[in-house]
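Participant: Dropping the structure in here first, questions after.
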Amino acid sequence: MARRSTKTQPHGGTSAEDIEERILDVDVVDEMQGSFLEYAYSVIYSRALPDARDGMKPVHRRIVYQMNEMNLRPDRGYVKCARVVGEVMGKLHPHGDASIYDALVRMAQPFSMRLPLVDGHGNFGSLGNDDPPAAMRYTECRMASATSLMTESIDEDTVDFTPNYDGQEREPVALPAAYPNLLVNGASGIAVGMATNMPPHNLGEVIAAARHLIKHPGADLETLMRYVPGPDLPTGGRIVGLDGIRDAYESGRGTFKIRATVSVEDVTARRKGLVVTQLPFTVGPEKVISKIKDLVGAKKLQGIADVKDLTDRSHGLRLVIEVKNGFNPEAVLEQLYKLTPMEDSFGINNVALVDGQPLTLGLKELLEVYLDHRFTVVRRRSEFRRGKKRDRLHLVEGLLVALMDIDEVIRIIRSSENSAEAKQSLMERFSLSEIQTQYILDTPLRRLTKFDRIELESERDQLGADIEKLTRILESDAELRKLVSSELAAVAKKFGNERRTVLLESGAAPVAAVPLEVSDDPCRVLLSSTGLLARTATGEPIALEDAKRSKHDVIVSAVPTTARAEVGAVTSAGRLLRLTVIDLPMLPETAGTPNLSGGAPIAEFLTLEPDEQIICLTTLDESSPGLALGTEHGVVKRVVPDYPSHKEELEVISLKEGDRVVGGAELRTGEEDLVFITDEAQLLRYPAGQVRPQGRQAGGMTGIKLGDDARVISFTAVDPAADAIVFTVAGSDGTLDDNGQGTAKLTPFELYPRKGRATGGVRCQRFLKGENRLAFAWAGHTPALAAKADGSPVALPEPDPRRDGSGTPLAKPVAVVAGPV
């Protein structure tokens with residue numbers, strides 16, 4: 001390669017004799033290597049890879065920072081996206097408006113981001129980019145509510161700043177990031193020789209893991225995965241293959257499959273169809289429809305009659321695939337999973353920048369890098385605030401010195417020739433600093449009243465307390481970690497929401513699998529207090545542990561069965577609805593025991609009336625002792641286990657008008673005691689043998705004698721040979737207020753004697769003043785777990801040896817109690 005230089009004359013011309021040639025020989029290989037390395041460096045560090053601290057690429061960070069500088073708060077009005085793009089491009093990111101707007105659009109899409117960073121107004125595109133976003137001159141935007149947490153305290157010297165591309169502006173090298181944005185929203189990008197592809201996660205789960213790591217820095221991966229069992233995609237769906245997720249959390253690389261959420265419904269009077277309500281991440285309905293039509297046209301897919309996209313804003317995604325008569329919908333679904341994007345793979349590659357170096361990180365490493373960054377941010381923020389408060393305290397103390405002898409201050413000022421002499425005299429007379437003296441001279445006379453002195457003394461004391469608190473944070477690592485943990489908990493409480501993606505273990509059956517493809521292994525079907533259904537991989541009973549409580553861990557009903565069998569769900573209306581066990585999601589091992597967070601809602605499998613509830617589960621085994629039911633009006637019935645296989649819905653008790661089933665249990669031996677508890681605090685127990693089994697159409701018999709206006713609130717079956725307890729909660733008119741005020745009592749079951757059927761029973765709790773009814777009651781085996789209506793755990797009180805004693809105040813409202821399953 002040759003380089004030529006010339007000398008020019010002052011007037012701009014060049015003469016032949018002044019031309020000086022200097023040829024430099026450069027190896028083209030060295031030149032290409034150097035240029036390529038510079039290009040690769042630029043792509044890696046300035047464009048394609050996110051920073052592990054705030055989870056953002058430079059373009060996203062610049063958009064968020066500039067919107068913060070423009071004061072586009074969530075409580076302010078929207079502005080045109082073109083204005084934001086122009087500000088970002090002109091001041092921070094000179095790479096073209098298209099790339100900036102594309103990044104801004106993605107941050108506003110709820111189907112791309114688990115926690116969107118931009119609040120968009122207008123057409124920002126659709127899932128799978130089937131409908132592209134409108135031009136930036138039409139759309140409007142502002143910061144989302146959670147985005148302010150990314151830039152919070154950025155003006156308090158919490159992060160380093162660097163000059164922009166032309167040195168006229170400054171931009172942060174990373175945002176303060178009050179939550180782990182990289183894990184929550186994920187990232188994707190292709191650099192030179194490396195790429196990153198990270199799935200989104202649930203905010204509450206990630207923060208729970210981060211807080212556990214703060215408290216236990218040596219926690220292993222298995223412990224962290226109890227909090228973060230897997231990704232939580234914005235579009236929901238079902239993840240199949242937890243082995244790949246665990247590999248990714250351990251090494252930073254792994255693969256899992258995402259399946260659409262599909263149910264089989266009657267789409268017409270004579271035809272069934274597959275209704276898709278959730279698609280894999282980044283897959284749009286148009287892509288699925290196009291692929292199905294191509295396969296049908298090529299005769300590679302049979303049984304499809306029609307495909308309709310009924311998606312709207314009110315009901316969300318709804319893709320209806322009509323199946324021809326004579327074809328098995330489950331078999332068609334299997335083909336759709338194999339041949340169309342309704343099942344897609346996601347390859348995790350956790351590559352992010354750490355201290356300027358691209359590294360592949362596991363779950364624990366990602367959390368550690370974020371927490372280290374957050375510790376630094378909070379420490380620098382505390383130092384900044386302490387410095388500000390010390391400066392203010394210095395001024396306040398000086399002003400208080402002047403106020404103590406204000407007459408002398410005024411005399412010195414009046415006797416001085418000029419302000420400089422007054423300043424020097426005051427500094428010498430009262431031993432003040434120059435800044436204190438200047439502040440006194442600048443203070444107006446109206447601030448020298450007695451009231452202002454009291455205010456200054458109060459401010460001085462408050463400043464001293466604040467400085468002491470900040471000093472404790474800076475000098476104690478434990479205080480710093482405690483503060484960071486509490487701030488993360490506040491973020492989770494404000495912005496956390498329920499998991500959208502269901503996790504299925506590797507090789508688990510899809511939503512509606514063909515039974516012949518799955519072995520008929522023993523399992524158990526579980527129903528949680530929050531209305532989630534799931535099945536286990538074993539038929540062994542589950543051991544309840546109160547030490548590690550989590551949401552959805554209270555299991556109200558469980559039945560042993562096999563994977564290809566059916567079980568019954570008994571409702572409060574006296575109906576028995578069939579459930580195909582293979583349709584239920586399999587609980588992954590990482591979900592914990594007996595946590596049902598990986599289960600699916602009842603509504604995905606059964607259609608209930610508005611006021612109808614699932615009471616219990618039962619096997620359909622005709623050799624069992626049968627099903628025991630108790631109603632609100634005191635009726636008891638043992639159902640003969642005769643369930644015709646051709647009926648999907650059966651009536652197991654004929655209820656009178658106004659009555660409903662309040663409890664039910666499948667008898668294991670027939671030797672159990674049946675237990676009624678009324679809202680008048682009467683408990684009746686008697687052997688199940690006193691109740692004659694009846695056919696499904698019968699209405700039962702009198703189970704307990706009720707007083708006027710009394711009703712049954714609990715019915716259970718208890719093995720008299722096992723340890724059991726009775727839990728009751730009393731309130732006014734049988735209700736509790738929003739704070740769960742009431743009195744609760746826990747009593748050993750053995751204290752209650754057996755009585756005959758249709759008698760009144762014995763008292764189980766004495767009412768205090770203002771109480772006249774039981775609001776909640778339960779009798780069953782120990783150990784027992786209690787929970788609120790949302791599944792949150794509640795601790796039970798200590799047992800009371802008095803059978804009819806009064807209760808103790810209840811700290812939290814109890815909605816359900818359940819024993820071993």
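FYI, it's all coordinate maths here, none of it is from the lab. No experiment lies behind these values; they were computed from the predicted model shown. So basically every Cβ, Gly included, is an ideal-geometry build from the backbone, and we count neighbours across all protein chains shown.
Participant: From the phi of every residue in region 96-110, what ³J(HN,Hα) in whole Hz does the Karplus formula 6.51 cos²θ - 1.76 cosθ + 1.60 yield, where θ is phi - 60° and glycine or proline is x?
Facilitator: Each residue of region 96-110 in turn: x, 6, 5, 5, 5, 5, 4, 5, 5, 4, 4, 5, 9, 8, x Hz.
Participant: Taking the Cα centre of each part, how many Å lie between region 104-159 and region 393-420?
Facilitator: 54 Å
Participant: Can I ask one more? If Lys and Arg each add +1 and Asp and Glu each add -1, what is the summed charge of the other residues whose beta carbon sits under 11 Å from the beta carbon of Gly805?
Facilitator: Working: positive: Lys745, Arg763, Arg766, Arg802, Arg803; negative: Asp800, Asp804.
Its environment carries a net charge of +3.
Participant: Setting aside same-chain residues fewer than 8 positions from Lys300, which lysines have a Cα under 24 Å from its Cα?
Facilitator: Leaving aside lysines fewer than 8 places away in the same chain, those within reach of Lys300 are Lys257, Lys272, Lys287, Lys291, Lys308, Lys324, Lys338.
Participant: If you wrap a convex hull around the C-alpha atoms of region 518-818 and split its volume per residue, what is the figure in Å³? Present the calculation step by step, with values, prior to reporting the outcome.
Facilitator: Details: hull volume 38.3 nm³, N = 301.
Looking at region 518-818, the number lands at 127 Å³ per residue.
Participant: Using only Cα atoms, find the angle between the long axis of helix 203-215 and the longest principal axis of the chain, and express it within 0 to 90 degrees, rounded to the nearest 10.
Facilitator: 70 degrees
Participant: Can you list residues whose amide H is under 5 Å from Gln694's amide H, if they're 5+ apart or on another chain and H is modeled 1.01 Å from N?
Facilitator: Arg638, Val639, Val640
Participant: Continuing with the same structure: What's the local net charge at Pro74, with K and R +1, D and E -1, over the other residues with C-beta under 10 Å away? It would help to have the intermediate numbers written out before the result.
Facilitator: Working: positive: Arg73, Arg76, Arg142; negative: Asp75, Asp119.
It works out to a net charge of +1.
Participant: Size of the dipole of region 49-177 about the Cα centre, Lys and Arg at +1 and Asp and Glu at -1 on the beta carbon, nothing else charged, in debye to 20?
Facilitator: Details: 14 positive and 19 negative charges, 64 e Å.
With only Lys, Arg, Asp and Glu charged at Cβ, the dipole is about 300 debye.
Participant: Would you mind checking the tilt of helix 329-339 against the longest principal axis of the Cα atoms of the chain, expressed as 0 to 90 degrees and rounded to 10?
Facilitator: 20 degrees
Participant: On the principal axes of its Cα set, how long, how wide and how thick is the chain? Give whole Å, largest value first.
Facilitator: 117, 88, 46
Participant: Determine Rg/Rh for region 49-177; Rg is computed over alpha-carbon atoms and Rh is the Kirkwood hydrodynamic estimate from the same atoms. Could the numbers behind the result be given before it?
Facilitator: Values: Rg = 13.9 Å, Rh = 14.8 Å.
Result: Rg/Rh = 0.94.
Participant: Same structure again: Out of residues 5 or more away from Gly125 or on other chains, whose amide H comes under 5 Å of its own, with H placed 1.01 Å from N in the peptide plane?
Facilitator: Sorted by chain and number, the residues that satisfy this are Ala134.
Participant: Another question, then. Sorting Ile321, Ile406, Ile713, Ile467 on the 10 Å Cβ count, fewest up front, what's the list? If you can, show how the numbers build up before the last one.
Facilitator: Working: Ile321 25, Ile406 13, Ile713 22, Ile467 18.
In order of increasing Cβ crowding within 10 Å: Ile406, Ile467, Ile713, Ile321.
Participant: What is the spin-label model distance, in nm, from Thr268 to Val192 if the labels are put 7 Å beyond Cα along the C-beta direction?
Facilitator: The answer from the label model is 5.9 nm.
Participant: Based on other C-beta atoms within 10 Å, arrange Glu169, Glu680 from fewest to most. Intermediate results must be reported in sequence, preceding the final value.
Facilitator: Values: Glu169 14, Glu680 21.
If I rank by nearby Cβ atoms, fewest first, I get Glu169, Glu680.
Participant: Right, something else. Using 7 Å Cα-to-Cβ label points, what is the Ser148/Thr255 separation (nm, one decimal)?
Facilitator: My value for the distance between the label points is 4.5 nm.
Participant: Testing the spin-label approximation: label points 7 Å from Cα along Cα→Cβ at Asp733 and Asn772. State their distance in nm.
Facilitator: Each label point is offset 7 Å from its Cα along the Cβ direction, giving 0.9 nm.
Participant: Relative to the present Cα-Cα distance, how much length would full extension add between Asp477 and Lys324 at 0.36 nm per residue of separation? Don't skip to the end; give the middle numbers.
Facilitator: Working: separation 153, 0.36 × 153 = 55.08 nm, distance 6.68 nm.
Net length gain for the segment: 48.4 nm.
Participant: What residues qualify as long-range amide H neighbours of Glu169, i.e. H under 5 Å apart, gap of 5 or more or another chain, H built at 1.01 Å from N?
Facilitator: Under 5 Å from the amide H of Glu169: Asn164.
Participant: Report ³J(HN,Hα) in whole Hz for each residue of region 660-670, in order, from the Karplus equation J = 6.51 cos²θ - 1.76 cosθ + 1.60 where θ = phi - 60°; Gly and Pro get x.
Facilitator: 8, 7, 9, x, x, 7, 7, 6, 8, 10, x
Participant: Among all lysine pairs in region 518-818 that are eight or more places apart or on different chains, how many have alpha carbons less than 22 angstrom apart?
Facilitator: 16
Participant: Another one. Relative to the first principal axis of the alpha-carbon coordinates of the chain, what is the inclination of helix 419-430, with its axis defined by its Cα atoms, in degrees from 0 to 90 and to the nearest 10?
Facilitator: 60 degrees
Participant: What are the ³J(HN,Hα) values, in whole Hz, obtained from phi via the Karplus relation 6.51 cos²θ - 1.76 cosθ + 1.60 with θ = phi - 60°, for each residue of region 262-267 in sequence order, with x given for Gly and Pro?
Facilitator: Coupling constants for region 262-267: 10, 10, 8, 9, 7, 7 Hz.
Participant: When the helices in the chain are scored as -39500 (n - 2.57) per DSSP H run of 4 or longer and the sum is shared across all residues, what 222 nm value do you end up with, to the nearest 500 deg cm²/dmol?
Facilitator: Helices in the chain give a 222 nm mean residue ellipticity of -9000 deg cm²/dmol.
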